[in-house]
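The values are calculated or read from the model by the stated rules, or taken from the named source; none is laboratory data. For clarity, every value in this text was computed on a predicted model and none was experimentally measured. Please note: Cβ atoms are built from the backbone with ideal geometry, for glycine as well, and neighbour counts cover all protein chains shown.
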Amino acid sequence: MKKTVILITLCAISTKEVYAGGMSLSGQSITPLFEKGTYIELSAYSFDPEVSGKLTNSIHSGNVAKKGYFFSGAYKQDLPHSTSMAIIIDQPFGADIRYPSSSTYPLSKTSASVDTTAIKGIIRYKINTPFSVYGGLRNVTSNGEVTVNQPSNHLLYTMKTDTQNDWGYLFGAAYEIPEIALRASLTYNSAIKVKFKSQENIVNSSLARETSFNTDMPKSVNFDFQMGVSQSTLLMFSARWVEWKKTKITPQLFTQFVDVGNNLVDFKDNTITYSLGLGQKLTDTLTGSLTIAYEEPSEKVASNLSPSDGYTSLIAGLKYQATPNTAIATGVSYTWIGEAKTNLSSNEATFENNHSMNFGVKLSHHF
C-alpha cells in the first residue's frame, strides 16, 4: 500500500488562497520538506477574478480586481544524523486592486498594490520513526503603493513605500506512518514587523512628505493532514489560521488629513481557512484529485481596498508521472468570492456575485 498511495500525493496545487482573508496568497506551505531524498519543484499560478460592486443600480464600480500571476519553488535534501533541509521560495501576501477610470464610481482611478517574496530555510530532525520536529527562518521582502482618488472631494492622495527586508521564524512538528501514507503536521509562522519608509503626497494641496509607519505581516498556524484510505485513494485535510486583526496600514498624512483618525487598511477579524480533498490513482502514471476549500465570512464591513469576505472554492487536479522521478501536476479551480459591504462617504456599497478562475502547474523531480 505504501508505494501506491505515495504516487497519488499530488497536493492540489490550485488551492492557493488568492481570495483568502486579509492579503493571504500562497498559504505558506512546507510540503516539500516531507519529500523523499533530494527533490526540487517549480510552480506557477494564474488567477482571473471578477470583483465588482455598486452604490445604487446605476452606480457601479466595474471590475476592481486584476488578473495576476505568482510563482514558487523549493529544494529539499537529506542530511546526516536523521536531519534534512529545505529552501522554499513563495509569495505569501499580496494585493492588486484598481477601480476603473471609466466608471462613475466615487473611487474611480483608486488603486492599491502589495508585493512580497519570502525565502524560508528549514531544518527537520526525526526524533524516531513517527515523530519529527522542524524549524527555520523566513526572510520577507515587501513593498506597496496606493492611490486614493475622490473627485467629489477634489482629493488625490498617493503613497509609495520603499522595499523592506525583514526576518521571522517558523517551527513545527509532524507525525508520520508511511505504510498508510499518514502524515499530520502543525506549523507556526511568526509575525514579522515591518517599518516602511514612505513618500506621501496630497496632490491637490501640494502637501508631500517622507514619512514612516509600522505594520505586521501576520502570524499564522497551519495544520495539514493526509491519510491513505485505500491502496489508491488519499484523504487530504488542512486548516489555516491567520491573525489579521493586528495588521494595520497607517500612513501619517492619510490618517491626519485624508481620513482623519482612520487607518488606510485594517482587518476586522482573524481568518480560518479549511480544505478537504480526495486523491485517486487513475492509471499507473495518472492521478487526480478533487478538493473543496472554504473560509467563513466575517459579515463585517470590509475595506474599499479589499472588498471581499470569505470564499468557497472547488479544485480539480491531475498529476502525470512522466518518468519514475519526474512529474507534472496541473490544477484548475473556480472560486465563489464572498459578498462584502463597504462604507463610502457614509453610504454602503455592496460587492456580490463575484468569482475567480485559477490555474496552476507544478514540475517536480527527485534526484
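Within region 125-154, residues that are under 15 Å from Ser113 (Cα atoms) and without any contact (Cβ under 8 Å) to a residue 60 or more places away in the chain have Cβ atoms under 6 Å from residues that are of a type in the set (D, E, K, R) and in a strand (DSSP E or B) in these pairs: Asn143/Asp115; Glu145/Lys160, counting only partners at least 6 apart in sequence or on another chain. Of everything listed in (1) over 26 Å from the mean Cα position of the chain (by Cα); (2) surrounded by fewer than 17 Cβ atoms within 10 Å (Cβ to Cβ); (3) not charged (D, E, K, R), the single unmet condition for Ala173 is (1). Counting only residues that are crowded, with 18+ Cβ neighbours inside 10 Å and over 19 Å from the mean Cα position of the chain (by Cα), which one in region 322-338 is nearest to Arg98 (Cα to Cα)? Only one residue tops the list, namely Ala329.
State whether one or more residues within region 78-93 are surrounded by fewer than 18 Cβ atoms within 10 Å (Cβ to Cβ), more than 19 Å from the chain's Cα centre (by Cα) and under 22 Å from Lys362 (Cβ atoms). Yes; the residues of region 78-93 include at least one that is surrounded by fewer than 18 Cβ atoms within 10 Å (Cβ to Cβ), more than 19 Å from the chain's Cα centre (by Cα) and under 22 Å from Lys362 (Cβ atoms).
Determine whether region 318-332 contains at least one residue that is closer than 20 Å to Asp266 by Cβ and in a loop (DSSP other than H, G, I, E, B). No - not one qualifying residue is present in region 318-332.
Residues to consider are Leu55, Leu33; find the one that is buried (at least 22 other Cβ atoms within 10 Å of the Cβ), touching a residue at least 24 places away in the same chain (Cβ under 8 Å) and either of a type outside the set (D, E, K, R) or assigned to a strand (DSSP E or B) (or both). So the residue among Leu55, Leu33 that is buried (at least 22 other Cβ atoms within 10 Å of the Cβ), touching a residue at least 24 places away in the same chain (Cβ under 8 Å) and either of a type outside the set (D, E, K, R) or assigned to a strand (DSSP E or B) (or both) is Leu33. The selection criterion, being in contact with a strand residue (DSSP E or B) (Cβ under 7 Å, 6 or more places away or on another chain) and crowded, with 22+ Cβ neighbours inside 10 Å, does not hold for Ile40. Being over 21 Å from the mean Cα position of the chain (by Cα) and either in a strand (DSSP E or B) or crowded, with 20+ Cβ neighbours inside 10 Å (or both), is that true of even one residue in region 262-279? Yes, that holds for at least one residue.
Among the listed residues Val242, Val229, which satisfies the condition of being crowded, with 17+ Cβ neighbours inside 10 Å, touching a strand residue (DSSP E or B) at 6+ places or on another chain (Cβ under 7 Å) and modelled with pLDDT of 90 or more? Even if it seems obvious, please write down each step before you answer.
Values: Val229 fails: crowded, with 17+ Cβ neighbours inside 10 Å.
It is Val242.
From the list Ser230, Ser142, Ser212, Ser205, the lone residue that is among the hydroxyl-bearing types (Ser, Thr, Tyr) and closer than 30 Å to Thr287 by Cα is Ser230.
Looking only at residues of region 58-77 that are surrounded by fewer than 19 Cβ atoms within 10 Å (Cβ to Cβ) and of a type in the set (S, T, N, Q), we find that the one that is nearest to Ser308 (Cα to Cα) is Asn63.
Screening Glu179 on (1) out of contact with any strand residue (DSSP E or B) (no Cβ under 8 Å at 6 or more places or on another chain); (2) within 26 Å of Arg240 (Cβ to Cβ) shows it passes everything except condition (2). Is it fair to say Ala293 is surrounded by 23 or more Cβ atoms within 10 Å (Cβ to Cβ) and assigned to a strand (DSSP E or B)? The answer is yes for Ala293. At least 1 residues being of a type in the set (Asp, Glu) and closer than 15 Å to Pro251 by Cβ is the threshold, and among the strands (runs of 3 or more DSSP E) wholly inside region 126-227 those reaching it are 131-150, 192-202, 207-217.
Take the conditions in contact (Cβ under 8 Å) with a residue 60 or more places away in the chain and either part of a loop (DSSP other than H, G, I, E, B) or surrounded by fewer than 18 Cβ atoms within 10 Å (Cβ to Cβ) (or both) and apply them to Ser306. Does it pass? If you could, list the steps in order and put the result at the bottom.
Working: in contact (Cβ under 8 Å) with a residue 60 or more places away in the chain: yes; either part of a loop (DSSP other than H, G, I, E, B) or surrounded by fewer than 18 Cβ atoms within 10 Å (Cβ to Cβ) (or both): yes.
Yes, satisfied.
Residues of region 162-214 that are within 30 Å of Glu35 (Cα to Cα), out of contact with any Leu (no Cβ under 8 Å at 6 or more places or on another chain) and β-branched (Val, Ile, Thr): Ile177, Ile180, Ile192.
Looking across region 333-355, the residues that are farther than 21 Å from Glu295 by Cβ and outside any strand (DSSP E or B) come down to Ser345, Ser346. Just one of (1) within 23 Å of Ala327 (Cα to Cα); (2) in a strand (DSSP E or B); (3) out of contact with any helix residue (DSSP H, G or I) (no Cβ under 7 Å at 6 or more places or on another chain) fails for Pro49. It is (1).
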